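**Q** I have a structure here, written as structure tokens, and I will follow up with some questions on it.
The values are calculated or read from the model by the stated rules, or taken from the named source; none is laboratory data. Everything numeric in this text was worked out from a predicted model, so none of it was measured. Because the Cβ atoms are built from the backbone with ideal geometry, glycine has one as well, and the counts that use them run over all protein chains shown.
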Amino acid sequence: MRAEDVWGERWTSCANPLAHRYMETAARKGSLVCLAADMRSVAELVDLVEEVGPHIAALKTHVDMVDDFSLEAWSGLVDAAQRHDLLLFEDRKFADIGKVSQHQMAGVHDVRSWADIVTAHRISGPDIVDGIAAGWADVERIGGVLLLAQMSSSGNLLDADYTAETIATGRGSPHVIGYIGNGSSATEVAALRQQVGAGQMIWTPGVNLAVGAGAMGQRYGHPRDAVLAGSDAIIVGSGIHGVENRAEAAAQYAEASFAALVERGG
Ligand code: 5BU
């Protein structure tokens, strides 16, 4: 399907080129799945991406949980992601002052040189967005920030006022492509969509075909409910990498998420 047809208002209202790139990939592959590739080695990451790559639209990493990280090995993962046309999303959850965040984009992992998207908390002030953008500018790249407006974990401290401040920071920013919303609660995602409007994306972790409580405070909602409530990307980890047939699971999440987008009508 053509991206503009399937995404409707989101396509016309989201000006960010990275958002368009994601939407095109999602439309072509028939999938709103962002894989949370929470693996401990580069080889396991590459294997996983090769296996499920055709069924996913973006790849989310936690580079600081990888035991055998080296920039050289990591370039193999970047290659695999590029071959599968996946935006690379480092879920770093930056939270420091702007200047430090700029330098944390460098360091041993050099996130600025390979990540297209990173997450950031709003807690330290709005300047964190400029700090991260400056990190990308240092290597002449442009990326997009997803601000954490909600979280999926139980007992988190992101209340409604905090969410509103976060959206106020991100609205109109050329660097903010959207927000993280709580995929375990369709009510919360719908409330977030109401506030965000159509002009920015909402990506949601806390999604699993088996809804309910997950490990260590994680909560899960159904992919269909999250998308119908306004999510544009379902972030799925153990629902895919934790099962026996990972490609089949990825295809199921792709099908459920894309059918919901078509049902939503953009
Ligand atoms: P799971 O295996 O599907 O539960 O993995 C969820 C992933 O999403 C994992 O990488 C988390 O770091 C990430 N996540 C989350 O679960 N909840 C949040 O609020 C945010 C990120 Br932000």
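**Q** Looking at this structure, is Ala259 away from the ligand (no atom under 16 Å from the Cβ) and in a loop (DSSP other than H, G, I, E, B)?
**A** No: the conditions fail for Ala259.
**Q** Would you tally the residues in region 186-218 being crowded, with 20+ Cβ neighbours inside 10 Å and under 22 Å from Ala37 (Cα atoms)?
**A** 8
**Q** Next up: With the requirement that a residue be touching a residue at least 40 places away in the same chain (Cβ under 8 Å), within 20 Å of Ser13 (Cβ to Cβ), within 13 Å of the ligand (Cβ to nearest atom) and not in a loop (DSSP other than H, G, I, E, B), what does region 135-179 give you?
**A** Leu146, Thr166, Gly178, listed by residue number.
**Q** Checking the conditions here, which among Val6, Val42, Val33 is β-branched (Val, Ile, Thr) and farther than 21 Å from Gly178 by Cα?
**A** Only one candidate passes the filter, namely Val42.
**Q** A follow-up question, please. Restricting the search to region 215-241, which residues are in a loop (DSSP other than H, G, I, E, B) and in contact (Cβ under 8 Å) with a residue 60 or more places away in the chain?
**A** Gln218, Ser231, Asp232, Gly237
**Q** Quick check on Ala115: is it farther than 18 Å from Lys60 by Cβ and hydrophobic (A, V, I, L, M, F, W, C)?
**A** No: the conditions fail for Ala115.
**Q** Against the definition (modelled with pLDDT under 95 and within 16 Å of the ligand (Cβ to nearest atom)), how does Ala254 come out, yes or no? I'd like the intermediate steps shown before the answer.
**A** Values: modelled with pLDDT under 95: no; within 16 Å of the ligand (Cβ to nearest atom): yes.
So Ala254 does not fit the description; no.
**Q** Looking at region 72-83, is at least one residue at positive phi and either touching a strand residue (DSSP E or B) at 6+ places or on another chain (Cβ under 8 Å) or of a type in the set (A, V, I, L, M, F, W, C) (or both)?
**A** Looking through region 72-83, none of the residues is at positive phi and either touching a strand residue (DSSP E or B) at 6+ places or on another chain (Cβ under 8 Å) or of a type in the set (A, V, I, L, M, F, W, C) (or both).
**Q** Can you name the condition, by its number, that Ala198 falls short on among (1) free of Cβ contacts under 8 Å to residues at least 40 places away in the same chain; (2) more than 15 Å from the ligand (Cβ to nearest atom)?
**A** Only one criterion is unmet by Ala198, namely (1).
**Q** Of all residues in region 94-117 being touching a helix residue (DSSP H, G or I) at 6+ places or on another chain (Cβ under 8 Å), in a loop (DSSP other than H, G, I, E, B) and not hydrophobic (A, V, I, L, M, F, W, C), which is farthest from the ligand (Cβ to nearest atom)?
**A** Of everything passing the filter in region 94-117, Asp110 is farthest from the ligand (Cβ to nearest atom).
**Q** Given the conditions (1) within 11 Å of the ligand (Cβ to nearest atom); (2) part of a helix (DSSP H, G or I); (3) over 18 Å from the mean Cα position of the chain (by Cα), report the number of the one that Ala210 does not fulfil.
**A** Unmet for Ala210, out of (1) within 11 Å of the ligand (Cβ to nearest atom); (2) part of a helix (DSSP H, G or I); (3) over 18 Å from the mean Cα position of the chain (by Cα): (2).
**Q** Is it the case that Glu244 is more than 9 Å from the ligand (Cβ to nearest atom), assigned to a loop (DSSP other than H, G, I, E, B) and either closer than 22 Å to Ala160 by Cα or modelled with pLDDT of 95 or more (or both)?
**A** yes
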